[in-house]
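Input: a single structure, listed below in structure tokens.
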Amino acid sequence: MCGIVGYIGDQQAAPILIEGLKKLEYRGYDSAGVAVYDNSQVNVVKAKGRLKILEEKLSNGNNLFGTMGIGHTRWATHGAPSDINSHPHTSASGSIAVVHNGIIENYLKLKEFLISKGYQFVSDTDTEVVAHLTDYYYNGDLIDTIIEVINKVEGSYALGIICKDKPDEIVAVRKDSPLIVGLGENENFIASDIPAILEHTRNIYLLEDKEVVLLRKKDVKIFNLNKEEIKKEVFTVNWDVTAAEKSGYDHFMIKEICEQPKVIRDTINPRIENGSIVLDNIELTKEDIDDISKIYVIACGTASHAGMVGKYLIEKLARIPVEVVVASEFRYGNPIIDERTLVIVISQSGETADTLAALREAKKRGARVLSVVNVVGSSIARESNDVLYTWAGPEIAVASTKAYSTQLTAMYLIALYMAEKKGTISKQEVEGIIEYLKQIPDKVANILENKERIQYFASKHYMDKHVFFIGRGLDYFVAMEGSLKLKEISYIHSEAYAAGELKHGTIALIEDGTLVVALATQEHLFDKMLSNIKEVKARGGMVLAIAQEGNTEIEKEADFVLYIPRVEPLLSSVLTIIPLQLFAYYVSVAKGCDVDKPRNLAKSVTVE
């Protein structure tokens, strides 16, 4: 959650901070603020609401002067959104300013200690503890002080700190929350994510937990908690800055939906050689795979829905038992894990707090961890035994679309790779599925070319109060993701159910006019889905059906039908989700919702 940016150099800091925060607003957008040093004091300006309010307060940063500063855009955890609870937070004298992403778990204990020392608190946040604690321990050396502070705090954090007494220094540190360092010429940066600084530099340091950074305009030094300097390799970003811009689209979400043919192709093509799947540098031999007794797939939200498709594919093709576990629950169920367990972790950002914690627990118990991640060099990627990158590029809209599609694609590749190595399907079968897989990007493009029909249907149903999604087999897992997309960006109550469970209670919710989205792309389950649609219609429901081209019999039962190009049913998930993403998008637009920044949500969930 929350976005952090910091700058030190020769340029005016405030405009750079504002521009950086614009690129990070997807991480939180209920308040924002900046702190800039102006040769005599630290000036703090902050405002409740979207970043635009702060931008107007500062005239785009042009009325706040100084060449060193830090900024923050907030997703509230402790304390409701307000000017006072906004970051940066300062010490009582105003000489120290702090921005923070994460949660200080022992803040109440620290707050009591600081109150006993005479400190007064003005906000409801946990972050203010860090500002006062920094003031309490300050000894003239910011690095020594911050090491002392982080030895006292518990929880997750990325911190950026400036001090009036150190006009040429920014200090930063991270633990379980993302933070990078950008390297420029006579200027340096910190940020929660690459897009915030990409206009200024492509050279960055990827920080590990509890590494403390000292930024000056001419140099950057990194220390461990023993104040020993650490040498790091420079990571060069290789994607274009325009990848993080709207490029003429009304919203990032529709841009990212329309990018799916390209990113799916980018995920597939490098992994196919001579009719076989190759998984980058991952060394999973036949012996390794034969020795796997169980696979856990661990993820949150959208990524967990991709994991459910992955479970179906691995069990069907490779015949290995798979369990999908929501990351936030994984550690609390005392999972049965040993050296014969493979854990597949799925995360777009590679920084998801619950998923990262589950990964560490799995490794501690002896499991091998294979992560499916979009962001190169992220924490999950670095801490996994093996990594399969999805190559979706930067995804800015809070509601995931192209990241989900590439996660699905990655799970197809993993399942096929395991099945071929294990010999559970023939070489000929593998080659056949690969040929179908290579056609997927063009078929996705075909659906996108006909999106007006979906837009028309959305225009008739954007005022609906309740929507239900049903499906069987793979369609059920896709229905779950389609339902999530609709609820998170349109705020319409939506639920997904296994179609066969309708008669076990759920059908009581169907009444005249209730919209039910019925997915019927699985040939062997098509007749059963027709029966389920009839059950819905008999109770007065309105049915939007999604089926493969040619299955026109469904038109006799459904009120409105969307067809996906004909494909091997095993591969239908990547196609079926596209009209559901578009439906959610167009409903949200018709309702006037903020599509890219849905209320109460943030892109990267870096707190538990």
Selected residue (only one of K534, K597, K556 is open to solvent by 30 Å² or more (accessible area, probe 1.4 Å), among the charged types (D, E, K, R) and under 30 Å from E351 (Cβ atoms)):
K597
Only one of (1) more than 19 Å from E452 (Cα to Cα); (2) part of a helix (DSSP H, G or I); (3) in contact (Cβ under 8 Å) with a residue 24 or more places away in the chain fails for K534. Which number is that?
(3)
Residues of the range 301-325 being farther than 27 Å from K485 by Cα and open to solvent by less than 10 Å² (accessible area, probe 1.4 Å), in sequence order, are A318, I320
The range 414-455: number of residues that are touching a Lys or Arg at 6+ places or on another chain (Cβ under 8 Å), β-branched (V, I, T) and assigned to a helix (DSSP H, G or I)
0
Any hit, the range 288-302, residues being in contact with a Ser or Thr (Cβ under 6 Å, 6 or more places away or on another chain) and assigned to a loop (DSSP other than H, G, I, E, B)
yes
Being in contact (Cβ under 8 Å) with a residue 12 or more places away in the chain and at positive phi is the filter; apply it to the range 332-367 and report the residue that is nearest to the chain's Cα centre (by Cα).
G350
Restricting to the range 164-187, count the residues that are open to solvent by less than 10 Å² (accessible area, probe 1.4 Å), under 16 Å from I204 (Cα atoms) and among the small types (G, A, S).
2
Has the range 402-410 got at least one residue that is crowded, with 24+ Cβ neighbours inside 10 Å and not in a helix (DSSP H, G or I)?
no
Could you check, for the range 110-123, whether at least one of its residues is surrounded by 20 or more Cβ atoms within 10 Å (Cβ to Cβ), closer than 21 Å to V181 by Cα and either touching a Leu at 6+ places or on another chain (Cβ under 9 Å) or at pLDDT 95 or above (or both)?
no
Before we move on, is E481 touching a Lys or Arg at 6+ places or on another chain (Cβ under 8 Å) and not polar (S, T, N, Q)?
no
I want to confirm something. Restricting to the range 116-134 and keeping residues that are in a helix (DSSP H, G or I) and in contact with a helix residue (DSSP H, G or I) (Cβ under 9 Å, 6 or more places away or on another chain), which single residue is nearest to R74 (Cα to Cα)?
T127
Yes/no for I143 being surrounded by fewer than 20 Cβ atoms within 10 Å (Cβ to Cβ) and within 20 Å of A35 (Cβ to Cβ):
yes
If I ask for residues that are among the β-branched types (V, I, T) and modelled with pLDDT of 95 or more, which ones from the range 68-89 would you list?
I70
If a residue has to be surrounded by 16 or more Cβ atoms within 10 Å (Cβ to Cβ), in contact (Cβ under 8 Å) with a residue 60 or more places away in the chain and either in a helix (DSSP H, G or I) or not aliphatic (A, V, I, L, M) (or both) to count, how many in the range 481-518 make the cut?
8
So in the range 28-39, with the set limited to residues that are touching a Pro at 6+ places or on another chain (Cβ under 9 Å) and at pLDDT below 90, which one is surrounded by the most Cβ atoms within 10 Å (Cβ to Cβ)?
S31
Considering only the range 278-300, I want to know if a residue exists there that is in contact with a helix residue (DSSP H, G or I) (Cβ under 6 Å, 6 or more places away or on another chain), surrounded by 19 or more Cβ atoms within 10 Å (Cβ to Cβ) and without any contact (Cβ under 8 Å) to a residue 60 or more places away in the chain.
yes
Quickly run through the range 154-163 and pick out the residues that are surrounded by 17 or more Cβ atoms within 10 Å (Cβ to Cβ) and either free of Cβ contacts under 8 Å to residues at least 40 places away in the same chain or farther than 19 Å from R74 by Cβ (or both).
C163
Does any residue of the range 454-466 turn out to be surrounded by fewer than 21 Cβ atoms within 10 Å (Cβ to Cβ) and over 30 Å from L544 (Cα atoms)?
no
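The values are calculated or read from the model by the stated rules, or taken from the named source; none is laboratory data. A quick note: this is a predicted structure, and the numbers were derived from the prediction, not measured. So basically every Cβ, Gly included, is an ideal-geometry build from the backbone, and we count neighbours across all protein chains shown. Heavy atoms of the whole protein, side chains included, go into the accessibility calculation; ligands, DNA and RNA do not. Shrake-Rupley method; radii C 1.70, N 1.55, O 1.52, S 1.80 Å.
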